[in-house]
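A quick write-up on the structure given underneath.
The values are calculated or read from the model by the stated rules, or taken from the named source; none is laboratory data. Please read all numbers here as calculations on a predicted model, not as lab measurements. Backbone-built Cβ (ideal geometry, glycine too); neighbour counts: all protein chains shown. Heavy atoms of the whole protein, side chains included, go into the accessibility calculation; ligands, DNA and RNA do not. Shrake-Rupley method; radii C 1.70, N 1.55, O 1.52, S 1.80 Å.
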Amino acid sequence: MSKTSKQSSGDDPRPTGFPIESGWTGEVTDLDPRATPGFEGKKADGKELLAARDSALDELQERLYAAHHGREDGRSVLLVVQGMDTSGKGGIMRHVVGDVDPQGVDIAAFKAPTPAEKRHDFLWRIRKRVPAPGIIGVFDRSHYEDVLIHRVHGWADAQEIRARYTAINAFERELAEAGTTIVKVMLHISRQEQGERLMERLERPDKHWKFNPGDVDERQHWDSYMEAYTRALRATSTVGAPWAVVPADRKWYARIAVQQLLLDALEGIDPQWPEADFDVEEQIGRLAGTMD
């Protein structure tokens with residue numbers, strides 16, 4: 001029996017990264033990007049666990065979708081995924097989010113705002129993509145870009161950044177009060193691991209399409225980004241919308257951790273299958289009469 005199987009039999013692993021509670025005063029750089037908090041297995045065990053829990057995540061997502069469409073339950077989930085380039089956001093989309101029914105998921109990848117979007121408040125374009133009832137919304141990069149990169153490059157002064165933190169907290173509180181469970185994840189990769197992943201993209205022709213020369217430019221600001229993340233997490237990890245820092249040097253661990261966070265969110269909602277609004281036995285009889 002594998003370690004994963006042993007754990008699952010009575011001592012279920014809880015790989016959820018490092019939870020960042022309201023009032024946290026730590027530093028992102030104090031958290032080990034190669035750690036596997038909540039999980040003692042190896043890579044093969046992690047992959048086994050990811051596959052073993054796919055069906056549970058898929059059922060909960062379907063129940064969430066069905067609860068709204070059958071009973072007009074207004075709840076939803078928003079997964080916010082942030083991280084430096086190559087931290088594994090795409091892998092989360094494919095291997096975690098990609099394993100549920102696509103009709104119940106809405107993924108938004110926020111790139112640099114267009115000129116038209118810049119004419120509005122920075123949350124204007126974000127509000128347009130919040131998840132509808134019954135949906136798991138995913139932000140592959142998010143409104144946090146407007147405090148992270150702006151702080152690093154000095155595109156907004158300290159007063160404006162503080163105002164944006166306040167606006168973000170109010171926005172997320174509004175979502176939570178409307179029935180959206182918010183899961184915020186920072187995929188925490190080390191500078192060395194990022195360098196190796198970028199080099200792989202350059203050395204493999206099948207990965208050239210993933211490489212952006214600008215990634216090397218941003219890499220020069222590594223320490224500033226870590227400071228920006230630290231300040232953002234301190235300012236915006238709230239009771240209703242806490243952050244989790246997920247070590248991302250081991251891709252397999254990051255995936256099972258985000259999967260667990262999503263499972264926890266959905267289990268907290270505990271969506272139920274809607275009851276039939278018709279006489280089931282009567283319809284069984286009617287259908288049987290057409291099968292002679």
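Here are the numbers:
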{"quantity": "Failed criterion for GLN283 (all others in (1) more than 17 Å from VAL81 (Cβ to Cβ); (2) within 17 Å of the chain's Cα centre (by Cα) hold)", "calculated": "(2)"}
{"quantity": "Residues located in segment 25-34, provided they are assigned to a loop (DSSP other than H, G, I, E, B) and surrounded by fewer than 17 Cβ atoms within 10 Å (Cβ to Cβ)", "calculated": "THR25, GLY26, GLU27, ASP32, ARG34"}
{"quantity": "When residues of segment 48-61 are limited to those that are more than 15 Å from GLY98 (Cβ to Cβ) and touching a residue at least 12 places away in the same chain (Cβ under 8 Å), the one surrounded by the most Cβ atoms within 10 Å (Cβ to Cβ)", "calculated": "LEU49"}
{"quantity": "Among (1) on the phi < 0 side of the Ramachandran plot; (2) open to solvent by less than 40 Å² (accessible area, probe 1.4 Å); (3) of a type outside the set (Asp, Glu) - the single one THR86 does not satisfy", "calculated": "(1)"}
{"quantity": "ALA112, sole failed condition from (1) small (Gly, Ala, Ser); (2) modelled with pLDDT under 95; (3) touching a strand residue (DSSP E or B) at 6+ places or on another chain (Cβ under 9 Å)", "calculated": "(3)"}
{"quantity": "Hey, TYR229 among the hydroxyl-bearing types (Ser, Thr, Tyr), within 20 Å of LEU78 (Cβ to Cβ) and open to solvent by less than 20 Å² (accessible area, probe 1.4 Å) or not", "calculated": "yes"}
{"quantity": "Of all residues making up segment 231-275, the number that are within 18 Å of the chain's Cα centre (by Cα) and of a type outside the set (A, V, I, L, M, F, W, C)", "calculated": "16"}
{"quantity": "Selection from segment 177-193 of residues that are under 30 Å from ASP32 (Cα atoms) and not in a strand (DSSP E or B)", "calculated": "ILE189, SER190, ARG191, GLN192, GLU193"}
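So that you can scan it fast, the table gives a plain yes or no per residue for (1) at pLDDT 95 or above; (2) buried (at least 19 other Cβ atoms within 10 Å of the Cβ):
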site: GLU117; (1), (2): no, no
site: ARG127; (1), (2): yes, no
site: VAL147; (1), (2): yes, yes
site: ARG151; (1), (2): yes, yes
site: ALA163; (1), (2): yes, no
site: HIS221; (1), (2): yes, no
site: SER224; (1), (2): yes, no
